[in-house]
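To start, I am sharing the structure in question, which I have written as structure tokens.
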Protein chains: 4
Amino acid sequence: MQHSRRFRLPGTDPHFASDNISGAHPEIMAAVMEANLDTPAYGGDQFTDDFHEMLDTQFGTGAYGFPVFNGTGANIVSLQAVSHPYSSVICTDTSHVYTSEASAPVRAGISLKPQPHLDGKLRPEDIAKVVASDLGNPQATQPTAVTVSQVTEMGTVYTPEELTAICNAAHDAGLAIHMDGARLAPAAAALGLDLHGATTALGVDILSLGATKNGGLGADAVVVLSNRVPEDTLTPIIKYTTQLSSKTSYLSAQLTTMFSTSLWHRNATTANAAATRLAQGLGDIAGVEVQTPQANTVLAAMPDNLVTRLREHYVAHLWGHNTAGLPIVRLVCSWATTDAKITDLLKVLAA
Amino acid sequence: MQHSRRFRLPGTDPHFASDNISGAHPEIMAAVMEANLDTPAYGGDQFTDDFHEMLDTQFGTGAYGFPVFNGTGANIVSLQAVSHPYSSVICTDTSHVYTSEASAPVRAGISLKPQPHLDGKLRPEDIAKVVASDLGNPQATQPTAVTVSQVTEMGTVYTPEELTAICNAAHDAGLAIHMDGARLAPAAAALGLDLHGATTALGVDILSLGATKNGGLGADAVVVLSNRVPEDTLTPIIKYTTQLSSKTSYLSAQLTTMFSTSLWHRNATTANAAATRLAQGLGDIAGVEVQTPQANTVLAAMPDNLVTRLREHYVAHLWGHNTAGLPIVRLVCSWATTDAKITDLLKVLAA
Amino acid sequence: MQHSRRFRLPGTDPHFASDNISGAHPEIMAAVMEANLDTPAYGGDQFTDDFHEMLDTQFGTGAYGFPVFNGTGANIVSLQAVSHPYSSVICTDTSHVYTSEASAPVRAGISLKPQPHLDGKLRPEDIAKVVASDLGNPQATQPTAVTVSQVTEMGTVYTPEELTAICNAAHDAGLAIHMDGARLAPAAAALGLDLHGATTALGVDILSLGATKNGGLGADAVVVLSNRVPEDTLTPIIKYTTQLSSKTSYLSAQLTTMFSTSLWHRNATTANAAATRLAQGLGDIAGVEVQTPQANTVLAAMPDNLVTRLREHYVAHLWGHNTAGLPIVRLVCSWATTDAKITDLLKVLAA
Amino acid sequence: MQHSRRFRLPGTDPHFASDNISGAHPEIMAAVMEANLDTPAYGGDQFTDDFHEMLDTQFGTGAYGFPVFNGTGANIVSLQAVSHPYSSVICTDTSHVYTSEASAPVRAGISLKPQPHLDGKLRPEDIAKVVASDLGNPQATQPTAVTVSQVTEMGTVYTPEELTAICNAAHDAGLAIHMDGARLAPAAAALGLDLHGATTALGVDILSLGATKNGGLGADAVVVLSNRVPEDTLTPIIKYTTQLSSKTSYLSAQLTTMFSTSLWHRNATTANAAATRLAQGLGDIAGVEVQTPQANTVLAAMPDNLVTRLREHYVAHLWGHNTAGLPIVRLVCSWATTDAKITDLLKVLAA
């Protein structure tokens, strides 16, 4: 038996591969050290009390939720909370839950209805179409929820108006709205909104709140924002989805530190600004076509020889092709992306 | 909406409630700090390379596996690895997977066949009984695995001879053996065995290796010890069970530090010795009947008034009744249990 | 590739192997012929209207349900109707759903809690024990239902008093009661009760109503008898469990004919009387120990040489051993068991 | 509690709603009557022996399979046979398994990858696209099978060349091909092919063989046509999917009678010819646009007032809209569709 079983991406410097390759921010590490105490298990601790208070303060009176280990866990728990054994969830065909959670959704009984995306986004008419064909049809799964990713998988950011329209379309049909907020922080920072304004205020019912990609050591959360989510099922779902930590305090400490202070905003602003600089630099290179980044993700189309040169040095995901047939490379900036990092990458391509 | 949704046990001092209420050992915290770097995600990092090497060294050539977040994750991943859609897993009716993982097994498609325990243990004849009734019977689930807990949920420790007999019975019938080793460290220390000697050498095929309860911050692992476990399914199972960490390095660093040094043994020895002292002290109190602990768990029967007095100060789980009808209290010691802690508890009861 | 994939039991004459080997009663065949018309699909037909009226008349005002194909379907649909994703169902360790539905329960998300049986029966204290350990325990599956088989798998019949006590124990704890009535007809006939008296009147909430084993061509039903079963979930469950027939009329016609006339009672009485005669005859054979049958199942302990002789001629299931270590053979009589059949079998053993 | 729980479509005459509303053909009823005997249960009977021989004869040496109750059962069993816990199945977004089996696929762990259809058909490039993005990608479900419907849900029939190209594309990528042949008979008859020529010879690996819609009383089958389907899993899957009939003989008798004689072809030819006549008649009505039917399904676009008039008399499913925005009505002919039936319907619209 060999060690080939581990996951390994090509390339050497992983920095721009995703925002999850960066370490934890020093304030997060300090919070974890402070939480290193005897505490009641399974969330009965003071750090988790603080986490609950943070949710109430930052997301609106009555918001509640629970820490989980990772983004897959947050999504799978959240979607189960708004599903039942004969229900379906409407998403885009680029959504992370459809393309990148492997068979976690189907194994959890979540039936996805992927719709063609527009710049990574879902539209109210997509919801209307599925509802028209499926709701009340005994041959069809019954739509009970919609999921949107903010930032989207195509690097775009829904405007508040777009999200409000989607939430209204969902609610009018009796569906709940889930937001995959693995990158909520960069989206909210880009929109100039606080956490409540970027979620609850727009009509979101349940949220996967991501800290891991924004400078966490490893912590996300499921947050319930409205009474469209059935009560009393969240904690059992967390347990049976294998996402209940005995030492919850370490997760709670990270989340409270991230979201009850300006840390989420500082880290996201750093990442977004880095993406802007990176995109500007890439745009100056002959043959590279780059979209103006809306948050911390940069999508750049470039000729094959540049892709090859880039991947000799960097781990970088390919993200389809542009209309001219050029491969698109996805580069993601994080709280830890420095000017020097950007300059180095640009040098490789400009060489 | 209220905050009542969190898990909360009665009592004030949680220390003896379980070994998962203690914080992380300083060497573990140091290892996590050292791992705080840019690294490839999903296990492509150097810390996970070291973890793989540790498995090979400590559990025998060819052992392989992957870090997971918690014990539930380790168990549910492991049992799926030795199950298929029409298979069953033989266990005791006191086993953690049957009594304490809520509906995580059934949701993962794991069909358990609980057998009456003897001091928390399974016996070869239990395996024979299920095999005789079910194997080849088209009306029955087909047994493919056996799971044993070491330390058991009743605080006992299987002897090497007992485990060898169970492994032989399983293997003779074509079944694989899983060990729930959430408390493998205290068991191995109590038996005077190294990690290989306590697992691979006895015939165990797949292991839930626990670090969380032995001074970890939060990390366990699934470890494959033989070729009775199908190859190439472990990593997909980890992903779809929501147990794949993007920042695997933090988990790997804990596990490598715990098991490639003497730390696992030092922590376990401390916990076991504390349990012995606690049991001796309890035995000196009138009305208390205590079993000699085999590892770090103390089961003590005592009159109701003592239980009441104890629970005014301590979180303590009730663990059934003895033959005389007295309630049994379970108290668990950890790497962090000091003499002072023990003295304080004894004072409460002796008062 | 060979034809060995089919199920095949040893022996030549299958008659006494089970009551499902007998063909359909002539009145059932006539009903199927009459139903051979153009009719709306999926239960929108007149024959299914009649079926619904039959349920209301025979099981009490408000009873409703739907035809399904077989007993496995009836059980798996029923138990899903009283389960949710974190619930469990209490049963005996001899119950058909635990021993003989293969992995159908686990694949449908049904978590069984098998309890040691007494003569094939469950007792109120079994319910109390599981409720005490599991209800409200976040580590445990949450009991939501109890299932009992009438006739039991050990050939016994619950008395009305026994069933009432079980139903009360379940209801007091907030659980629903399911009855696996694959053999309800012989049980009700043996008890001298009508269909309502044998089910609804005793407190049963949901019923697997069997016609197949009592002279049907192939039809069973799920019948809801109380408002403890959530409304509006039954029809989706039937569809996603693959138990929705497009040509429901053929199933409905069988069920209505069976249960709105005396046919169920005539067939069951024939089967029960045959079992009594068979048991008397077996009791006269040296070395055979036979229990007085309570319905249409005969359990007879006999020496190995008699078992061998019997199985040279007859398909017969072994059913454990008696306290003296003799193998027990199960023989089941049906509506089609004639005196000649019984005489023939007795001759084989008496030879 | 009311009787509103049953399925009920609007309209009075159900005849053209689907081919599943017609009764059983007299030869099928005769076969069921002949099978009304004591027989071994679960497929150990002579009628099932004959069924196995029929498969071998009609579908090619080595073909094997098992009867099931209905088309949902055949599809869900078949797709499980070519799936594993982390696999996906490629289909069109109009496929019956995606649109009309409710949540049966997700509940059985089948992860569907719906692709935009072209006239109801899948194309080799659809397979290539999913394979390129998902195969070997640890974040994605792993494609293991492709499913096509013949006749398609849009009433079209794949040509042998189209199917061969799809099968080759699937096999080249290591995937198995499933055919949903609920309407295989009309398709094969329309193509002038025998059963082997319409399936095995084209590269199909596993087949849902439909008899119910072609004059059966209620019987379909799962048929394995190649060694790309794992052996020894089919019978357990049938059992745990609740599709194992104790009285299999009644199902086998129908299937053997249907497919070992010319009955399948006679019934399908009748249905196809009726569809041609119906389409011709509809085409003569002002305002109606009708496609030339390729088998027994007629899709006709017509103004709203004609739809209303039609539905006052007939149960008829709406099937989207044509490019001019007119609603499309689906009408299906069967073995029992007479000229008089067609004339009556045309009179209603022409009035």
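The values are calculated or read from the model by the stated rules, or taken from the named source; none is laboratory data. These numbers come from a predicted model, not from an experiment. Virtual Cβ from ideal backbone geometry, glycine too; neighbours counted across all protein chains shown. Heads up: the accessible areas ignore ligands, DNA and RNA and are worked out on the full protein's heavy atoms, side chains in. Shrake-Rupley method; radii C 1.70, N 1.55, O 1.52, S 1.80 Å.
Here are some residues: C:Leu255, C:Leu217. Which one is assigned to a helix (DSSP H, G or I), modelled with pLDDT of 95 or more, farther than 22 Å from C:Ala145 by Cα and not basic (Lys, Arg)?
Details: C:Leu217 fails: assigned to a helix (DSSP H, G or I).
Answer to the check: C:Leu255.
Each row is one residue, and each column tells you yes or no for (1) away from chain C (no Cβ under 14 Å); (2) under 30 Å from B:Thr141 (Cβ atoms); (3) open to solvent by less than 20 Å² (accessible area, probe 1.4 Å).
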site	(1), (2), (3)
D:Gln280	yes, no, no
D:Asp284	yes, no, no
D:His317	no, no, no
D:Asn322	yes, no, no
D:Leu331	yes, no, yes
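Also: Taking D:Ala340 as the residue in question, decide whether it is part of a helix (DSSP H, G or I) and buried (at least 20 other Cβ atoms within 10 Å of the Cβ). Don't jump to the end; show me each part of the working.
Numbers: part of a helix (DSSP H, G or I): yes; buried (at least 20 other Cβ atoms within 10 Å of the Cβ): no.
No, not satisfied.
For B:Thr276, are the conditions met, namely being in a loop (DSSP other than H, G, I, E, B) and surrounded by fewer than 24 Cβ atoms within 10 Å (Cβ to Cβ)?
no
Could you list all residues from the range C:1-30 that are more than 7 Å from chain D (Cβ to nearest Cβ), assigned to a loop (DSSP other than H, G, I, E, B) and modelled with pLDDT under 95?
C:Gln2, C:Pro10, C:Gly11, C:Thr12
Here is a further query. Output the number of residues of the range B:48-67 satisfying the condition of being buried (at least 24 other Cβ atoms within 10 Å of the Cβ) and either at the interface with chain A (Cβ under 8 Å from one of its Cβ atoms) or more than 21 Å from the chain's Cα centre (by Cα) (or both).
2
I've got another one for you. Tell me the residue from D:Ala170, D:Ala190 that is away from chain C (no Cβ under 14 Å), in a helix (DSSP H, G or I) and open to solvent by 10 Å² or more (accessible area, probe 1.4 Å), please.
Values: D:Ala170 fails: open to solvent by 10 Å² or more (accessible area, probe 1.4 Å).
Of the residues listed, the single one that is away from chain C (no Cβ under 14 Å), in a helix (DSSP H, G or I) and open to solvent by 10 Å² or more (accessible area, probe 1.4 Å) is D:Ala190.
Then there is this: Does any residue of the range A:194-212 turn out to be closer than 28 Å to D:Arg107 by Cα and free of Cβ contacts under 8 Å to residues at least 60 places away in the same chain?
yes
Now for a different question. Look through the range D:31-45, keep the residues that are surrounded by fewer than 19 Cβ atoms within 10 Å (Cβ to Cβ) and touching a residue at least 40 places away in the same chain (Cβ under 8 Å), and return whichever of them is nearest to the other protein chains (Cβ to nearest Cβ). Give the steps one after another, and end with the answer.
In the first step, residues of the range D:31-45 are kept if they are surrounded by fewer than 19 Cβ atoms within 10 Å (Cβ to Cβ); the result is D:33-34, D:37-38.
When the remaining residues are screened for being touching a residue at least 40 places away in the same chain (Cβ under 8 Å), the result is D:34, D:37.
Values: D:Glu34: 11, D:Leu37: 5 Å.
If we take residues in the range D:31-45 being surrounded by fewer than 19 Cβ atoms within 10 Å (Cβ to Cβ) and touching a residue at least 40 places away in the same chain (Cβ under 8 Å), then D:Leu37 is nearest to the other protein chains (Cβ to nearest Cβ).
What single numbered condition from (1) within 8 Å of chain D (Cβ to nearest Cβ); (2) open to solvent by 20 Å² or more (accessible area, probe 1.4 Å); (3) without any contact (Cβ under 8 Å) to a residue 24 or more places away in the chain fails to hold for C:Ser262?
Every listed condition holds for C:Ser262 apart from (1).
Also, quick follow-up: For the condition buried (at least 18 other Cβ atoms within 10 Å of the Cβ) and either of a type outside the set (A, V, I, L, M) or part of a loop (DSSP other than H, G, I, E, B) (or both), what is the one hit in A:Ala295, A:Ala271? Can you show your working first?
Working: A:Ala271 fails: either of a type outside the set (A, V, I, L, M) or part of a loop (DSSP other than H, G, I, E, B) (or both).
Among A:Ala295, A:Ala271, only A:Ala295 is buried (at least 18 other Cβ atoms within 10 Å of the Cβ) and either of a type outside the set (A, V, I, L, M) or part of a loop (DSSP other than H, G, I, E, B) (or both).
Also: Please work out which residue is nearest to the chain's Cα centre (by Cα), limiting yourself to the range A:292-351 and to residues that are among the aromatic types (Phe, Trp, Tyr) and closer than 18 Å to A:Gly23 by Cα. Full working, then the answer.
Going through the range A:292-351, the residues among the aromatic types (Phe, Trp, Tyr) turn out to be A:314, A:319, A:335.
From the residues that got through so far, the ones that are closer than 18 Å to A:Gly23 by Cα too are A:314, A:335.
Details: A:Tyr314: 23, A:Trp335: 15 Å.
Here the answer is A:Trp335.
Tell me which of these D:Glu231 doesn't satisfy, since it passes every other one: (1) facing another protein chain (nearest Cβ under 7 Å); (2) part of a loop (DSSP other than H, G, I, E, B).
Checking D:Glu231 against (1) facing another protein chain (nearest Cβ under 7 Å); (2) part of a loop (DSSP other than H, G, I, E, B), the one that fails is (1).
Which residue out of B:Thr199, B:Thr233, B:Thr212 is under 16 Å from the mean Cα position of the chain (by Cα) and more than 11 Å from B:Val68 (Cβ to Cβ)? Outline the logic, then answer.
Details: B:Thr233 fails: under 16 Å from the mean Cα position of the chain (by Cα); B:Thr212 fails: more than 11 Å from B:Val68 (Cβ to Cβ).
That would be B:Thr199, the only listed residue that is under 16 Å from the mean Cα position of the chain (by Cα) and more than 11 Å from B:Val68 (Cβ to Cβ).
Taking the residues in the range C:126-153 that are free of Cβ contacts under 8 Å to residues at least 12 places away in the same chain and either among the acidic types (Asp, Glu) or part of a helix (DSSP H, G or I) (or both) as candidates, determine which candidate is nearest to A:Pro236 (Cα to Cα).
C:Ser133
Still on this structure, please answer the following. Hey, could you check the range A:85-123 for residues that are outside any loop (DSSP other than H, G, I, E, B), free of Cβ contacts under 8 Å to residues at least 12 places away in the same chain and more than 20 Å from A:Thr164 (Cβ to Cβ) and say which is most open to solvent (accessible area, probe 1.4 Å)? Talk me through it step by step, then tell me what you get.
Start the filter on the range A:85-123 by keeping residues that are outside any loop (DSSP other than H, G, I, E, B), which leaves A:87-92, A:96-99, A:104-107, A:111-115, A:118, A:121.
If we keep only those that are free of Cβ contacts under 8 Å to residues at least 12 places away in the same chain too, we end up with A:106-107, A:118.
Of the ones still in play, those that are also more than 20 Å from A:Thr164 (Cβ to Cβ) are A:106-107.
Details: A:Val106: 12, A:Arg107: 61 Å².
Ranking the qualifying residues of the range A:85-123, first place goes to A:Arg107.
Scan the range B:68-81 residue by residue and report those that are open to solvent by less than 10 Å² (accessible area, probe 1.4 Å) and within 14 Å of chain D (Cβ to nearest Cβ).
Hits for the range B:68-81 are B:Ile76, B:Val77, B:Leu79, B:Ala81.
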